[in-house]
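The values are calculated or read from the model by the stated rules, or taken from the named source; none is laboratory data. Here the structure is a predicted model, which is why all the values come from computation and not from measurement. Glycine also receives a Cβ, built like all others from the backbone with ideal geometry; neighbour counts cover every protein chain displayed. These area figures cover heavy atoms from the full protein model, side chains too; ligands, DNA and RNA do not enter into them. Shrake-Rupley method; radii C 1.70, N 1.55, O 1.52, S 1.80 Å.
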Amino acid sequence: MGVELTGRAALALRMTSLLLRPRPGGPGTVADVVEWFGAMQAQDLASGLWSLGARLPGLRQADVTAALERREALRTWPMRGTIHLVPPRDARWMLELTGVRTLVAAATRRAQLGLTDAEADRAVDVLGSALAGGGRLTRAQCMATLEAAGIGTTGQRGYHLLSYASLRGVTCLAPNVGTEQTFVLLDEWAPEQHRPERDEALATLAHRYVRSHGPVTAREFAGWTGLTLTDARRGIAAAGDALAPVRVDGADAVVDPALLDAAPRRADDLLVLPGFDEYLLGYRDRTLMLDPAHADAIVPGGNGVFQATVVRAGRVVGTWKRTLSRGRLRVVVYPLTTLGTRQRDRIRGALGRYASFLGSDLHVDWVS
């Protein structure tokens, strides 16, 4: 049956796992953090970099970018048709395990864009040939290469073809050059790929998701990965004793046993997190962390674009927007609840850590 947990206790465990506390001293490298999570949302690169920086105190953005250049993690489209940071050696099996349903959906999207399957496959071949031998092309150069081969890239066609080539496991994203995405061949950028059997792959992904997000239900795991509920349950079962059953407010869930053995912590963190962070995007049901009345402030109009959040004791209490110009960071904070002077000082301090991460001066405004 498992340990009975209240929502508050479950939230405290989630904060512990999402902030990497179970590991003594915390992970020390970008590779450690990405492997801990299994995959981290990185559709927006700036958000992805700060998601890492927020969990690696003392590192600056340039340090994180250098780690990506050293191939401690790479970006590709493994799950739900969105870009994630993943461990380089696990990229191919993750694409094969979780990307299949996205590939099926991509066929429908191609029809909407007026692309044939033959054109898409030829685009993959063209990009593969252009990048072979250690090539690295910017997004604009990839588009020009496709156009030169007679493959149109107008509208969303070009983006679809670039993501399709990565979903097929031919290309992946390397670190940006300036502000522009760059693409490389996956087999050349990360040649030493791990190739587990399917049940081992499901178990590995389940273990990583649960230890970094738990306690969670099988449905949450299915939602995060895009797997079927049947495969999600199979992965949790295959993980065996690496996961422990619990009940959260009467619902069956699983958690990393190390969290249950650890001494309880008082959840009093004050965090400023990017919009596309696993703290919210790692779940379908966000009610533990977010008052449903504030959902529209986080994702205005339900458009899928998440605002950066202020999190206090595990709950979202505000949003923030940044403007970065000539080494100066201006942040506007939008409280969702009453924030006293002490709380505002703590928020300013958290934003100061973000400014240090960017190497920028900080100015904070408040809207309330």
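One residue is enough: does segment 327-343 have a residue meeting the conditions under 26 Å from S212 (Cβ atoms), of a type in the set (G, A, S) and without any contact (Cβ under 8 Å) to a residue 40 or more places away in the chain? No.
Candidates are the residues of segment 147-161 that are in contact (Cβ under 8 Å) with a residue 24 or more places away in the chain and crowded, with 19+ Cβ neighbours inside 10 Å; the one that is nearest to Q43 (Cα to Cα) is H160. Taking the condition surrounded by 15 or more Cβ atoms within 10 Å (Cβ to Cβ) and more than 27 Å from A107 (Cβ to Cβ), does R136 pass? It is true that R136 is surrounded by 15 or more Cβ atoms within 10 Å (Cβ to Cβ) and more than 27 Å from A107 (Cβ to Cβ). A Cβ distance below 8 Å, combined with a sequence gap of six or more or placement on separate chains, defines the contacts here; from segment 288-309, residues that are within 17 Å of P335 (Cβ to Cβ) and touching a residue at least 24 places away in the same chain (Cβ under 8 Å) reach residues that are among the aromatic types (F, W, Y) and part of a loop (DSSP other than H, G, I, E, B) in the pairs M289/Y283. In summary, helices (runs of 4 or more DSSP H) completely within segment 186-276 and bearing 2 or more residues that are of a type in the set (A, V, I, L, M, F, W, C), at pLDDT below 95 and under 20 Å from L19 (Cβ atoms) occur at 257-261. The set of residues from segment 322-341 being touching a Lys or Arg at 6+ places or on another chain (Cβ under 9 Å) and in a strand (DSSP E or B) comprises R322, T323, L324, L329, R330, V331, V332, V333, Y334, P335. Only one of the numbered conditions (1) open to solvent by 60 Å² or more (accessible area, probe 1.4 Å); (2) under 20 Å from the mean Cα position of the chain (by Cα); (3) not hydrophobic (A, V, I, L, M, F, W, C) is violated by S166, and that is (1). Only one of the numbered conditions (1) more than 11 Å from the chain's Cα centre (by Cα); (2) open to solvent by less than 10 Å² (accessible area, probe 1.4 Å) is violated by E72, and that is (2). Of all residues in segment 324-340, those satisfying the criterion of being open to solvent by 80 Å² or more (accessible area, probe 1.4 Å) and either modelled with pLDDT of 95 or more or closer than 26 Å to L11 by Cβ (or both) are R330, T338.
As a summary of the residue check, R109 satisfies the conditions (1) within 22 Å of the chain's Cα centre (by Cα); (2) open to solvent by 60 Å² or more (accessible area, probe 1.4 Å); (3) at pLDDT below 95 except for the one numbered (1). Considering segment 34-58, and only residues there that are part of a loop (DSSP other than H, G, I, E, B) and open to solvent by 10 Å² or more (accessible area, probe 1.4 Å), the residue that is farthest from P215 (Cα to Cα) turns out to be G58. Restricting attention to segment 113-131, the residues being small (G, A, S) and more than 28 Å from the chain's Cα centre (by Cα) number 4. Of all the numbered requirements in (1) among the hydroxyl-bearing types (S, T, Y); (2) under 19 Å from H84 (Cβ atoms); (3) out of contact with any Lys or Arg (no Cβ under 9 Å at 6 or more places or on another chain); (4) surrounded by fewer than 23 Cβ atoms within 10 Å (Cβ to Cβ), T287 misses one, and that requirement is (2).
Looking across segment 344-368, the residues that are open to solvent by less than 30 Å² (accessible area, probe 1.4 Å), assigned to a helix (DSSP H, G or I) and free of Cβ contacts under 8 Å to residues at least 40 places away in the same chain come down to G352, A355.
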